[in-house]
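Novice: Please see the structure below; I have some questions.
The values are calculated or read from the model by the stated rules, or taken from the named source; none is laboratory data. Please read these numbers as outputs of a predicted model, since none were measured by experiment. Using ideal geometry, Cβ is built from the backbone for each residue, glycine included, and neighbour counts are taken over all protein chains shown. Note: accessible area is taken over every heavy atom of the protein model, side chains too, but ligands, DNA and RNA are not part of it. Shrake-Rupley method; radii C 1.70, N 1.55, O 1.52, S 1.80 Å.
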Amino acid sequence: MTFHIQRRTLIQSQLESAASIGVDPADVASAQPVSGGLCKVFGIHAGLNLTVFDVIAGTALGEPVRSAPCLAIDILFNATGRGWISPPDGGEDLSIPYRRGMMYLTFAPHGATGRYDVPAGARFHGIDIRIGLDFLERLGWLGAFAVTRGHPHHVASCGACWIGALSLPERIAGQAKSLLDSSLLNENDLAMEARCLDIIDAAIACVSSPAPLPAPTNRDRRRIEAARDILLDDLSRTWTIAELARRCGLSEKRLKAGFQKEFGKPVYRYLQLARLTEAKRMLAETDRNVTEISLEVGYTSTSHFARVFLREFGVLPSAIKSETRNSSKTRRHLIQTAW
């Protein structure tokens, strides 16, 4: 059986993003000989890589493989064996058993060194998403990993690395299978990116809100509603959680927990939906073009705006504008011919 590694950068990506963040599949194949299968590596864009794999493991325990600073999300449909991560300070290795139907999140802000030990002939089938720290910070997700040993999904940690594991939620399993299908069939690149981002959003939500949140007090509720109003009053402004919390007189922790409880979404997700909903209204009801509207609702990059709009509504902003234009022409034609 032959083993193949394929690499491709998505059409909307920057070229430099084709370099893998974290462990390169070729290194894994060298460290743990692979007897056959397929591994595809996609550069989604700078700071975000996707690897899909369906491989049969070899026999020997290989040399260590190294990962750059990142968050790794691994979804395993088939797997067995065990892996280890070595702390950079020389402490005891962190041990992680591999199981099918599991999702693993590894946050290594300073990078990590690992090794693998799996039975001969074991099948590994799933996806691996690597997110750079700059990308996490831009999306406001970096703080989600200020987690502790007491977290319900915690399986191992040291001063430089945190590892969580949980049974694969049904929703994420469906998203991952759709992403696998997209990657294997070489479907639309924008759809592949959208599915990848959906998985990241859902996975981080599992870490951020692992248990029911306490109801905010009446006083906190008023301040949380004030925070919501501040966001909606100026959609073009990008607030940090710290700035918004100071403005409303809440701690960051109480703001994030209370906002999630009151409105059912994290602060940044709520803001994103508000921006995209307002953009959709403006596309349909005004004469402003896509670039003007994206700037007005807080997106400095029109291409990024188009991608998140497509992920949310299933169509590009230009399609909404085009449809509105055609509808207007049809209405004018009907009025003119009626006379």
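Novice: Which residue out of ARG222, ARG254, ARG247 is closer than 22 Å to LEU142 by Cα, open to solvent by 60 Å² or more (accessible area, probe 1.4 Å) and modelled with pLDDT of 90 or more? Quick ask: steps written out before the conclusion?
Specialist: Numbers: ARG222 fails: closer than 22 Å to LEU142 by Cα; ARG254 fails: modelled with pLDDT of 90 or more.
Answer to the selection: ARG247.
Novice: Let me ask another. Modelled with pLDDT under 90, open to solvent by 20 Å² or more (accessible area, probe 1.4 Å), part of a helix (DSSP H, G or I) and among the small types (Gly, Ala, Ser), is that true of ALA242? Steps first, answer last, please.
Specialist: Numbers: modelled with pLDDT under 90: yes; open to solvent by 20 Å² or more (accessible area, probe 1.4 Å): yes; part of a helix (DSSP H, G or I): yes; among the small types (Gly, Ala, Ser): yes.
In short, yes.
Novice: Quick check: is even one residue across region 267-289 in contact (Cβ under 8 Å) with a residue 24 or more places away in the chain, buried (at least 16 other Cβ atoms within 10 Å of the Cβ) and farther than 18 Å from ARG311 by Cα?
Specialist: Yes, because at least one residue in region 267-289 is in contact (Cβ under 8 Å) with a residue 24 or more places away in the chain, buried (at least 16 other Cβ atoms within 10 Å of the Cβ) and farther than 18 Å from ARG311 by Cα.
Novice: Also, I was wondering about something else. Looking at region 120-156 only, could you name the residues that are of a type outside the set (A, V, I, L, M, F, W, C), open to solvent by 60 Å² or more (accessible area, probe 1.4 Å) and more than 18 Å from the chain's Cα centre (by Cα)? Let's see the steps before the verdict.
Specialist: In the first step, residues of region 120-156 are kept if they are of a type outside the set (A, V, I, L, M, F, W, C); the result is 121, 123, 125-126, 128, 130, 132, 134, 137-138, 140, 143, 148-154.
Right, trim to open to solvent by 60 Å² or more (accessible area, probe 1.4 Å) and you get 123, 134, 137-138, 148-150, 152.
Passing the criteria: ARG123, THR148, ARG149, GLY150, PRO152.
Novice: Can you find a residue that is within 18 Å of HIS45 (Cβ to Cβ) and not in a loop (DSSP other than H, G, I, E, B) anywhere in region 282-290?
Specialist: Initial filter on region 282-290 (within 18 Å of HIS45 (Cβ to Cβ)): none.
No, region 282-290 contains no residue that is within 18 Å of HIS45 (Cβ to Cβ) and not in a loop (DSSP other than H, G, I, E, B).
Novice: For residues that are within 12 Å of MET103 (Cβ to Cβ) and open to solvent by less than 80 Å² (accessible area, probe 1.4 Å), tally how many sit in region 157-194.
Specialist: Taking region 157-194 and keeping what is within 12 Å of MET103 (Cβ to Cβ), we get 163-173, 175-176.
Still in the list and also open to solvent by less than 80 Å² (accessible area, probe 1.4 Å): 163-166, 168-169, 172-173, 175-176.
Total satisfying the criteria: 10.
Novice: Checking ARG311 against (1) open to solvent by less than 70 Å² (accessible area, probe 1.4 Å); (2) modelled with pLDDT under 85; (3) more than 25 Å from the chain's Cα centre (by Cα): exactly one of these is not met. Which one?
Specialist: (3)
Novice: Next question. Residues being touching a residue at least 60 places away in the same chain (Cβ under 8 Å) and either open to solvent by 60 Å² or more (accessible area, probe 1.4 Å) or not small (Gly, Ala, Ser) (or both): count how many of those fall in region 225-239.
Specialist: Taking region 225-239 and keeping what is touching a residue at least 60 places away in the same chain (Cβ under 8 Å), we get 235-238.
Filter again for either open to solvent by 60 Å² or more (accessible area, probe 1.4 Å) or not small (Gly, Ala, Ser) (or both), leaving 235, 237-238.
Going through region 225-239 one residue at a time, the tally reaches 3.
Novice: Test of understanding: among ASP54, ASP89, ASP93, ASP27, which residue is at pLDDT 85 or above, surrounded by fewer than 21 Cβ atoms within 10 Å (Cβ to Cβ) and acidic (Asp, Glu)?
Specialist: Result of the check over ASP54, ASP89, ASP93, ASP27: ASP54.
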